[in-house]
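Step one of this worksheet: look at the structure below.
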Amino acid sequence: MQKQQFKRGIYILPNLFTSMNLFCGYYSILASIQLRFTDAAIAIMIGAVFDLLDGKIARATNTTSRFGIEYDSLADLISFGLAPAILMVLWALEPMGRPGWLAGFLFAACGALRLARFNTGASSGPDFEGLPIPAAAAMNVSVVLLFSRLEIGPEPFRVLLLVMMFGLSFCMVSSFRYKSLKNVPLFKSFTFNRLVCLVLIFVAFAAEPCIILFGGCALYVISGPLLSLVFFFKDGKEMPVDKGV
C-alpha cells in the first residue's frame, strides 16, 4: 500500500512542474497586459526551467505518460507560444498596427503547429526538425531583457523586431536541423573538465546574464540553418531528426 502511494506521488511530481510552467505563462500574460515587460520576460524564462525539469524528472523516475506529454504540450503553447507573442506585441509591435499583431498571431500559430507536429510525429533521431518552441520564446525574451539591460527602447528597432518574429515563426515550422538539449545528463556523473566548463559558463552568466542569454539564444537560432546547409552539402545525406518540442 505504501509503495503504491509512493508511486502515485512520483507521477504527480512531473505534472506539478508542468503546472508551474503553465502558471509562469499565465503570469507573464498578466504582466504584459500591465506593461511590466521585464517581469513578463523573466516569468517565461522561469517557465522554461520548469519545462526542462518536468521532462528530466519524468525520464529519471520512469514516469513518462501520454497524459503528461499532452499536458506538457498544452502548457508549452501558453508559456512559449501565446505569452511571448503577447509580450512582443505589447512591448514593441502594437504601434505598427496590423503587421504587428499579425506577427504575434503567426508566432503563436506556428508554435501550435510545431507542437502538433511533435504530438503526431515519431522520434527518429537525436536532433530536432524545426526550431523548438521554448527556444523561439527564449529568443524573444532575451531581446526584451537585453534592451532592458542596455536601457534602450524598442522604438527604433520595430521593423527589425517584426522581421525577427516572422523569422522565428518560419524556423519553427521549417525542416532546419537543431541539436537537441533534452539529453543533457543532469542526473548523471560529469567528467572534471565538463564540470569546470559548466562553472565557467555559470560565472559568465552571473556576470552578464542578459548579454549571455541573448548571445546563446541567437547562436542556437542561427545554428539550425547553418547545420542544415552543412548536411545538405555533405555527401547529400540528411541528418536523422527528432520532431520534438
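One table, with the values for the structure above:
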| quantity | calculated |
| --- | --- |
| Reference-scaled alpha-carbon Rg (2.2 N^0.38 Å with N residues) for region 83-185 | 1.15 |
| Region 77-85 - phi-based ³J(HN,Hα) in whole Hz, Karplus 6.51/-1.76/1.60, Gly and Pro as x | 4, 6, 6, 10, x, 6, 4, x, 5 |
| Per-residue Cβ neighbour rank within 10 angstrom, fewest leading, 89, 173 | 173, 89 |
| Under Karplus coefficients 6.51, -1.76 and 1.60, residue-wise ³J(HN,Hα) of region 43-52 in Hz, glycine/proline x | 4, 5, 5, 5, x, 5, 5, 4, 5, 5 |
| Cα-based equivalent ellipsoid of region 2-233: semi-axis lengths in Å, sorted from largest, via gyration tensor | 29, 21, 20 |
| Neighbourhood net charge (15 Å Cβ-Cβ; Lys/Arg +1, Asp/Glu -1) for residue 215 | 0 |
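Readers should treat all values here as calculations from the given coordinates under stated rules, not as data from a laboratory. What you see is a predicted model; the values in this text were computed from it and never measured. Methodologically, a virtual Cβ is constructed for each residue, glycine included, from the backbone with ideal geometry; neighbour enumeration extends over all protein chains shown.
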